[in-house]
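J.: Here it is, the structure, as structure tokens.
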Amino acid sequence: MTERTELVEHGQLFIGGEFTDPLGTGVIEVISPHTEQVIGRVPHASEGDVDRAVAAARRAFDEGPWPRMGLDERIAVITRIKDAFAVRHEEFARLISAQNGTPYSSSVMVQALAAMMVWDSAITVARDFPYEERRDGVLGPLLVRREPVGVVAAVVPWNVPQFTAAAKLAPALLAGCTAVLKVSPETPLDAYVLAEIAQEAGLPPGVLSILPADREVSEYLVGHRDVDKVSFTGSVAAGRRVMEVASRNLTRVTLELGGKSAAIVLPDADLEAAVAGIVPFAWMINGQACVAQTRILVPNSRYDEMAEAFAAAAGELRVGDPLDPTTELGPLVARRQQQRSLDYIKLGQEEGAKILTGGNRPAAQERGWYVEPTLFGSVDNSMRIAREEIFGPVICLIPYADEAEAVRIADDSPYGLSGSVWTADTERGIDVARRVRTGTYSVNTFSLDMLGPFGGYKNSGLGREFGPEGYGEFFEHKMIHLPAGYREA
């Protein structure tokens, strides 16, 4: 028996650090992707609620103590948030798995502890960041300052809701900004745990608001004239719209968008190690991850051997209830995502690709938005299944002739977010990594380190998250000219 999530209901919104009644009457119903039953209800934030949240953030930034505190004081509050994640990580993991279908076996790390690591890493970065520095200018000495950008609108998706929230809130708050977090209607329940943690940690009034809402309300928030910075994670189409709306006020934006990343398996690679390293990150979060290795590039000389090995590994993934600790692949977040994957599977067959494993709804799952882990072979990189982000458990195996062609295929994509290379020669792998135009790359592993910059080339986004590069996205730069001959006392 697996632990079931009881109906979770919240009647208030978290605005300016307090739970308060919503202005509207709209309600979001959270549907289990496993049972297709309602598992939660929360208020749907209205534009009026956005106005209240932004006004609270504006006052807190312009007049409140948070931006004027010493860094150590802010770090103390953020440390309490981080520590609370450690205490409540299993609660986060269960809630998120119940909402979006992530297998609990991976949710503990991917959904909960990884978010805690983001908060922790941001503290490390904040301690060493150059907030102010002296320079010798052409006309005299300079003082260069980095000052918090202001009110931040953070818009996060449903696939890794706490991880992406932490990627935005941790640096924004440490920088001295105030924030309004807009969470997805598919995964609003875990946001209430975050609100409780933030309140208990001692954030001053107005510093943080959390609003569950749909795209229309998101657009209103992004276009709000009192928002100074938008940090968004989502699809390319939505990212373009965010950029368009924010541009009306010349609001600064960071966009972390989609991917169609390639794992290159070189001819000298240890096949067992490559399969073990790639498969979990090709089908991670049931294929609903922007960094997923959704194109696996294998040499013609070993194609049959590698196709058999990857198909066997994918076919052995245990599909089922996301709250069952033995499950390795759960349901997709919504019926629309299930249908999208099934439509692409049909398209791939029409394009001439061959299904090596999967391709259907699992026979054992009578309900729920499931799709079998599916691997296409004999894929040409010009096919739509190889070029478009499916965001489901559908992976392409693409043959190549030599290393130069492998790099060319990896780069022949409108995206450039992630990727990996697998080889017996690490130096050779590093050379490949330098040549592929993508924002994050791994050699004989797959990882996303929170102390380095994360983001994409091309349609995969603008700006960076994590590391000093991501932290710097929440600052303005000020140059102060000092009189000639000035020396600090």
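J.: Which one of these is modelled with pLDDT of 95 or more and in a loop (DSSP other than H, G, I, E, B): 263, 289, 274?
T.: 289
J.: Here's another thing I want to ask about it. Please give the number of the condition residue 369 fails out of (1) in contact with an Asp or Glu (Cβ under 8 Å, 6 or more places away or on another chain); (2) outside any loop (DSSP other than H, G, I, E, B); (3) aromatic (Phe, Trp, Tyr).
T.: (2)
J.: Considering only strands (runs of 3 or more DSSP E) fully contained in region 113-162, which possess at least 3 residues that are farther than 30 Å from residue 224 by Cβ and in contact (Cβ under 8 Å) with a residue 60 or more places away in the chain?
T.: So the answer is 141-148.
J.: For region 285-310, enumerate the residues that are surrounded by fewer than 21 Cβ atoms within 10 Å (Cβ to Cβ) and among the aliphatic types (A, V, I, L, M).
T.: Hits for region 285-310 are 307, 309.
J.: Residues of region 171-187 being over 24 Å from residue 226 (Cβ atoms) and buried (at least 24 other Cβ atoms within 10 Å of the Cβ), which ones?
T.: Selection gives 187 alone.
J.: Would you call residue 92 crowded, with 23+ Cβ neighbours inside 10 Å, in contact (Cβ under 8 Å) with a residue 12 or more places away in the chain, hydrophobic (A, V, I, L, M, F, W, C) and within 17 Å of residue 174 (Cα to Cα)?
T.: no
J.: Could you please find all residues in region 347-378 being under 14 Å from residue 397 (Cβ atoms) and free of Cβ contacts under 8 Å to residues at least 24 places away in the same chain?
T.: Residues satisfying the conditions are 355, 359.
J.: Evaluate the following for residue 389: is it among the acidic types (Asp, Glu) and farther than 21 Å from residue 281 by Cβ?
T.: Working: among the acidic types (Asp, Glu): yes; farther than 21 Å from residue 281 by Cβ: no.
Judged against the criteria, residue 389 is not a match.
J.: Follow-up. With (1) crowded, with 22+ Cβ neighbours inside 10 Å; (2) more than 21 Å from residue 260 (Cα to Cα) as the list, and residue 348 as the residue in question, which single condition is left unmet?
T.: It fails just one condition, (2).
J.: Check residue 65 against each of (1) in contact (Cβ under 8 Å) with a residue 12 or more places away in the chain; (2) closer than 21 Å to residue 158 by Cα; (3) surrounded by fewer than 24 Cβ atoms within 10 Å (Cβ to Cβ) and name the one condition it does not meet.
T.: Against the list (1) in contact (Cβ under 8 Å) with a residue 12 or more places away in the chain; (2) closer than 21 Å to residue 158 by Cα; (3) surrounded by fewer than 24 Cβ atoms within 10 Å (Cβ to Cβ), residue 65 comes up short only on (2).
J.: Here is a further query. Which one is surrounded by the most Cβ atoms within 10 Å (Cβ to Cβ) among residues in region 450-489 that are of a type in the set (Asp, Glu) and either modelled with pLDDT under 95 or closer than 16 Å to residue 416 by Cα (or both)?
T.: Here the residue is 465.
J.: Follow-up. Might you let me know whether region 465-476 holds any residue that is in a loop (DSSP other than H, G, I, E, B), under 18 Å from the mean Cα position of the chain (by Cα) and either under 28 Å from residue 275 (Cβ atoms) or of a type in the set (S, T, N, Q) (or both)? So that I can check it myself, show each step before the final result.
T.: Kept after step one, since they are in a loop (DSSP other than H, G, I, E, B), are these residues of region 465-476: 466.
If we keep only those that are under 18 Å from the mean Cα position of the chain (by Cα) as well, we get 466.
Adding the requirement that they be either under 28 Å from residue 275 (Cβ atoms) or of a type in the set (S, T, N, Q) (or both) leaves none.
Within region 465-476, none of the residues are in a loop (DSSP other than H, G, I, E, B), under 18 Å from the mean Cα position of the chain (by Cα) and either under 28 Å from residue 275 (Cβ atoms) or of a type in the set (S, T, N, Q) (or both).
J.: With the condition kept exactly as written, say whether any residue in region 144-152 is within 16 Å of the chain's Cα centre (by Cα) and crowded, with 24+ Cβ neighbours inside 10 Å.
T.: So far as region 144-152 goes, no, none of its residues is within 16 Å of the chain's Cα centre (by Cα) and crowded, with 24+ Cβ neighbours inside 10 Å.
J.: From the list 419, 429, 455, exactly one residue is of a type outside the set (Val, Ile, Thr), farther than 21 Å from residue 298 by Cβ, touching a strand residue (DSSP E or B) at 6+ places or on another chain (Cβ under 6 Å) and not assigned by TED's automatic domain parsing to the domain that holds residue 242. Which is it?
T.: On the way: 419 fails: farther than 21 Å from residue 298 by Cβ; 429 fails: farther than 21 Å from residue 298 by Cβ.
Answer to the check: 455.
J.: May I ask you to list the residues in region 359-380 that are of a type in the set (S, T, N, Q) and surrounded by 20 or more Cβ atoms within 10 Å (Cβ to Cβ)?
T.: Correct list: 374 only.
J.: Quick one: what pairs do we get from region 383-404, first residue assigned by TED's automatic domain parsing to the domain that holds residue 416, second in a loop (DSSP other than H, G, I, E, B) and among the aromatic types (Phe, Trp, Tyr), C-beta under 8 Å, 6+ apart or different chains?
T.: 393/283; 395/283
J.: Mind checking which residues of region 315-337 are part of a helix (DSSP H, G or I) and within 24 Å of the chain's Cα centre (by Cα)?
T.: Correct list: 335, 336, 337.
J.: If you scan region 245-257, which residues turn out to be touching a Ser or Thr at 6+ places or on another chain (Cβ under 7 Å) and either surrounded by fewer than 24 Cβ atoms within 10 Å (Cβ to Cβ) or in a strand (DSSP E or B) (or both)?
T.: Of everything in region 245-257, those that are touching a Ser or Thr at 6+ places or on another chain (Cβ under 7 Å) and either surrounded by fewer than 24 Cβ atoms within 10 Å (Cβ to Cβ) or in a strand (DSSP E or B) (or both) turn out to be 254, 256.
J.: Just give me the residues in region 195-244 being closer than 13 Å to residue 180 by Cβ and assigned to a helix (DSSP H, G or I), in sequence order.
T.: Result: 195, 198, 217, 218, 220, 221, 222.
The values are calculated or read from the model by the stated rules, or taken from the named source; none is laboratory data. It should be emphasised that the depicted structure is a prediction, and the values quoted were computed from it without experimental measurement. Heads up, the Cβs are rebuilt from the backbone with ideal geometry, glycines too, and the neighbour counts pull from every protein chain shown.
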